[in-house]
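Each value in this text was obtained by applying a stated rule to the coordinates, not by laboratory testing. In this text the structure is predicted, and so the values were computed from the model without any measurement. A quick note on method: Cβ atoms are made from the backbone with ideal geometry, for glycine too, and the neighbour counts reach across all protein chains shown.
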Amino acid sequence: MSEYGWVDDLDADALVAELRRHGVELDGDPSHADPGADLDPEDLYQLIPLGRTWLRLDPDSAGRIWGSFIPDAAHPAVTDGRPPMRLDDDAADLDGWMTARADIDGSGRRWVSVMRRPEREAYVALLYDAGPERPSRLLTVPGVYPDITLLDDGDRLAFVEPDREVRGGQRAVVARTDAAEYESSRTVISSSPTGGIGIRPCSVRRFFKLSRGVRSQRVWDLVDVRTPTPRPVPVPGAPGEPHLFDVALLHGAPVLIQILNGDGAWTLQATELVDGEPRHSWVCATGVGRAREVTSGTEYAVVRVSRDGEETLHRIGIAGFSSGVEPLLRAPGLLDLSANQVTPSIGFAALEMSGGIPPFEWYFDNAGAVRNDPARVERRAAGLARAARETFHSDDGYPVDLDVRWPARAGEAFTGPVLLMVYGAYGLDLDLDSDPDLSRWLDAGFAVATPHVRGGGPERRHLAGTRANRDRSLADTVAAIGHLRRGDGALTASELVVLGASAGGFLAATTLNTCPGDVDACVIVNGFVDPLTSLLREDTTTRASDQDEWGDPRGNPNDLATLRAISPVDNLAAASGAEALVVVAACDVRVNPRQGLKWFLRYRGLGGPATLWYDPQGAHDCWGAGMSRSALVDWVTAALARRRRDRAA
């Protein structure tokens, strides 16, 4: 590997020069982006449940965002008579910034927008009040992390900022939103020298959720901002995910709502809160499957449950125990309850991402009745793809789930090209139905699959694939490829393409070392393909979480030996013949972009057919904004055609 070690020492200008020398520059200008002509104009609006009305958000032809107040979600074109309000800000000082997320209070007239400069990985939070022509900017909070939420009817903010005195440290702050009181009211609620602090809103905006600890040890607490000295309060059971608890209202008082999972069943538990502290608890409901998420309203909670590849939504009263609760909704894909929820509210919303159709927003009143237009619901059902969840076994007998999607026109089974999307790190799995390109792959004649390998998922599976156990992620991926090649399930891969981004790029690249004869093409996007060098040099902003996930090669010989044995760039011994596409964002601060360049040069140096795409201003998850939306599908389709032609020659 020493012949390419010089890549690690390139400065920023020399890096771009080498990328330009070997690669194809991508169009990274967002103004050139396709506005989304494949979407029905009726699908462009969104409704957000507020305290007494729904807020309809609409983009206009100039890219501005307008909000209108809608009394009934079933009639989204009928307003309450108030004029629309503009929610976007095109002030000159925001040139080059993009909206990362927003949080709206219960009135719909005050909101905070988190703006991002991707190439710097920098964020700023802007607080607004609605105005007659454009919003009025009340407060600017620079240098924050994207975790920020409005509290107490928009009177306070909770956010995470860097600790200016500790490198890599973070602290959580609560402050008044009034500009005159902001500085004097700033209160540090929690701090950490190694990061790991996160903030999420509760439905009852008197409370918010606060995390502590690196990912493998992360715990979420509850904070009540109305106590004289707000502080983190431990939640019973020490939940490791913020989606597993919330705060509801019962008889006007706040109640902690929790999901408890175990042995293939879930329990919904409520706990009385007295001065922000948990007291008496009772069980509200039980069910089969795994509960993934809970959100809350007045006198009820909404629970999202996964079971056998299907997701269901349940509305459950919290005053006592409910049995035999029928689901409000069933979906073959993924449901998401993370819409801007406030309590009390006019209702609630759920986002469905299923089988290659555009994301679909479901709207419910507080009783759980659907408030969508029936015609839109019928049109959505007609476009669903085929879906299944299968189980195969790794080389040590470990059971691994595999989610698969294939075109409905293929029938009960599919034979043809399969795209295998991989990740499996940091306790995360991929959700196929949330991928905006899924429909493009299906329309191009591909089936798509993703394995839930060790390193992803819940704590036990996550830890089974981290640090010195990282080789188990590789073994699970190899077994998934064998399962698809043999046709052991619904899919038989006549050709197989592996695609991975970030930590998934690591897994994708390893397949050209572990099972090169089974892979026809490989796509690596900002891939963590040289973890050993990165961890030794500590060359990213995510040093603490990376060590927690991949190991400490400086201080632990087992971690060092594992990384040497599995490193994609160190273990390339011969080119497999599979064509590889490597995408590098030159301004990536999460994965050193030199890693992708080094892997590309080594693979090509061994005689492997490889293409390098680079975006000189691109960031880790924001690159090639001006490219054709079908660019990846087009490249893979052409690469497989070239491989078939070469084999036939």
Problem set entry | segment 271-287 and segment 470-487: distance between their alpha carbon centers, rounded to Å | 43 Å
Exercise. Any idea how far apart residue 308 and residue 75 come out in nm if each label point goes 7 Å out from Cα toward Cβ?
Worked result: 4.2 nm
Exercise. Given H placed 1.01 Å from N in the peptide plane, which residues other than close sequence neighbours of residue 551 have an amide H under 5 Å from its amide H?
Worked result: 467
Problem set entry | Residue-by-residue Karplus 3J(HN,Hα) for segment 305-310, coefficients 6.51, -1.76, 1.60, Hz, glycine and proline x | 10, 10, 7, 6, x, 10
Problem set entry | Cα gyration tensor shape for segment 559-649, rounded if a/c is under 1.5, else prolate or oblate | oblate
For this session: Show that you can apply the helix-only estimate: for the chain, add -39,500 (n - 2.57) for every DSSP H stretch of four or more residues, divide by all residues, and state [θ] at 222 nm to the nearest 500.
Result: -5500 deg cm²/dmol
Problem set entry | Zone residues, segment 155-176, relative to residue 191, backbone N less than 11 Å from point 7 Å out along Cα-to-Cβ | 163-167, 169-172
Seminar exercise, completed: Taking a label point 7 Å from the Cα of residue 226 along Cα-to-Cβ, the residues of segment 250-267 whose backbone nitrogen sits under 11 Å from it are 252-255
For this session: Using only Cα atoms, find the angle between the long axis of helix 471-486 and the longest principal axis of the chain, and express it within 0 to 90 degrees, rounded to the nearest 10.
Result: 80 degrees
Seminar exercise, completed: Once residue 165 and residue 444 are pulled to full extension, the length gained, defined as 0.36 nm per residue separation minus their Cα-Cα distance, is 95.2 nm
Problem set entry | Two-site FRET efficiency, residue 62 against residue 494, from Cβ-Cβ distance with R₀ of 60 Å, rounded to 0.05 | 0.80
Seminar exercise, completed: Rounded to the angstrom and largest first, Cα extents along the principal axes for segment 385-648 equal 53, 41, 33
Seminar exercise, completed: GluC sites (Glu not before Pro) in segment 370-422 lying in a DSSP loop, each with at most 14 other Cβ atoms within 10 Å of its Cβ, come to 412
Exercise. Once phi is turned into ³J(HN,Hα) by the Karplus curve 6.51 cos²θ - 1.76 cosθ + 1.60 with θ = phi - 60°, what whole-Hz value does each residue of segment 627-637 show in order, with x for glycine and proline?
Worked result: 6, 4, 5, 9, 4, 5, 4, 5, 5, 4, 4
Problem set entry | Cut-off under 5 Å, modelled amide H: who pairs with residue 311 long-range | 331, 333
Problem set entry | Alpha-carbon centroids, segment 43-110 and segment 218-248: separation in whole Å | 30 Å
For this session: Quick one: what are the phi-derived ³J(HN,Hα) couplings along segment 114-126, Karplus 6.51/-1.76/1.60 with θ = phi - 60°, whole Hz, x for glycine and proline?
Result: 9, 9, 10, 9, x, 5, 9, 6, 10, 10, 9, 9, 10
Exercise. Going by the alpha-carbon gyration tensor, a ≥ b ≥ c the square roots of its eigenvalues, is segment 496-649 rounded (a/c under 1.5) or, if a/c is not under 1.5, prolate (a/b greater than b/c) versus oblate?
Worked result: oblate
For this session: Highest first, please rank the peptides 537-545, 523-531 by the mean number of other Cβ atoms sitting within 10 Å of their residues.
Result: 523-531, 537-545
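Can you list the GluC sites (Glu not before Pro) in segment 143-192 that are in a DSSP coil and have 11 or fewer other beta carbons within 10 angstrom?
Taking segment 143-192 and a limit of 11 other Cβ atoms within 10 Å, the loop GluC sites (Glu not before Pro) found are 165.
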Exercise. Which peptide among 92-103, 268-279 comes first, and what is the full order, when sorted by highest mean count of other Cβ atoms within 10 Å?
Worked result: 268-279, 92-103
Problem set entry | Difference of contour (0.36 nm per residue) and Cα-Cα distance, residue 275 to residue 638 | 124.4 nm
For this session: Could you calculate the contour length gain from residue 286 to residue 321, that is, 0.36 nm times the residue separation minus the distance between their Cα atoms, to one decimal place in nm?
Result: 11.7 nm
Exercise. Any idea what angle helix 594-605 forms with the longest principal axis of the chain, computed on alpha-carbon atoms, 0 to 90 degrees, nearest 10?
Worked result: 30 degrees
Problem set entry | Calculated FRET value between residue 214 and residue 101, using beta carbons and R₀ = 25 Å, to 0.05 | 0.60
For this session: Return one quarter of the surface area of the convex hull spanned by the alpha-carbon atoms of the chain, equal to its mean projected area, in nm².
Result: 28.8 nm²
Exercise. Under a plain spin-label model, where a point goes 7 Å from the Cα along Cα-to-Cβ, how far apart in nm are residue 412 and residue 564?
Worked result: 5.3 nm
Problem set entry | Sparsely packed chymotrypsin sites (Phe, Trp or Tyr not before Pro) within segment 105-167, loop by DSSP, other Cβ within 10 Å at most 15 | none
